[in-house]
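Rule-based calculations on the coordinates, nothing more; no lab input. Because the structure is predicted, anything quoted here is derived from the model rather than measured. All Cβ positions, glycine included, derive from the backbone under ideal geometry; neighbour counts span all protein chains shown.
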């Protein structure tokens, strides 16, 4: 069972998110919060597998709450849920360690898919967000392509295979199934990849994989 905390300052949104998530028999909403501080307290009390946080909330915002939850509860993963897709929100959320970024206007199935993927050790971005994050690197409008290729070159052949699948959004279990590896071995490869690439999380590794050309458009 995936234990989830949800936080939003709008009661109707909270009720809707709960209803969507609990339509999946493997997801249980264990706590709700109406602002960032409540979310932090609830996370410390219930220690959810995944915290789904609205970005804009009164008092302490969702981004600040996410940073605190990630820093103090490393077993809890964070998905940001928002109406907005501005680049500064995206960059701060992902840079702060969030593993998911979903738009409220997205298909409800994306919410379930995102929570399940993040709970399983993967990362999930709404397609609209993924295009915003990845497109500039594909188009060559940002620097660092050569550096990215040099970074990826230090990986072993197996690690590049894992990174390629990780960059495509696969969870550890899915990577293991594709490469015929046990999940513990995949986790070891992912940890080695993050260390060698000098990145903080799977999302940054995925972006680097796209930037280097390891994953083709």
Show me 152-161, 102-111 ranked by packing, highest mean number of other Cβ atoms within 10 Å first.
-> 102-111, 152-161
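Given a Förster distance of 25 angstrom, what is the FRET efficiency for residue 199 paired with residue 173, based on the Cβ-Cβ distance and rounded to 0.05?
It comes to 0.70.
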Using 1/(1 + (r/R0)^6) with R0 = 45 angstrom and r between the beta carbons of residue 60 and residue 180, what's the FRET efficiency to the nearest 0.05?
-> 0.50
Computed over the stretch 2-134, Cα set: Rg, Dmax in Å = 12.8, 36
For the chain, what's the relative contact order in percent, using C-alpha pairs closer than 8 Å and at least 6 residues apart?
-> 15 percent
What full-extension length gain, to one decimal in nm, is calculated for residue 41 and residue 13 as 0.36 nm per residue of separation minus the Cα-Cα distance?
-> 8.1 nm
Expressed in angstrom, Rg and Dmax over the Cα atoms of the stretch 143-212 are 11.2, 37
At 7 Å along the Cα-to-beta-carbon direction for both residue 154 and residue 109, put a label point, then send me their distance in nm to one decimal.
-> 4.1 nm
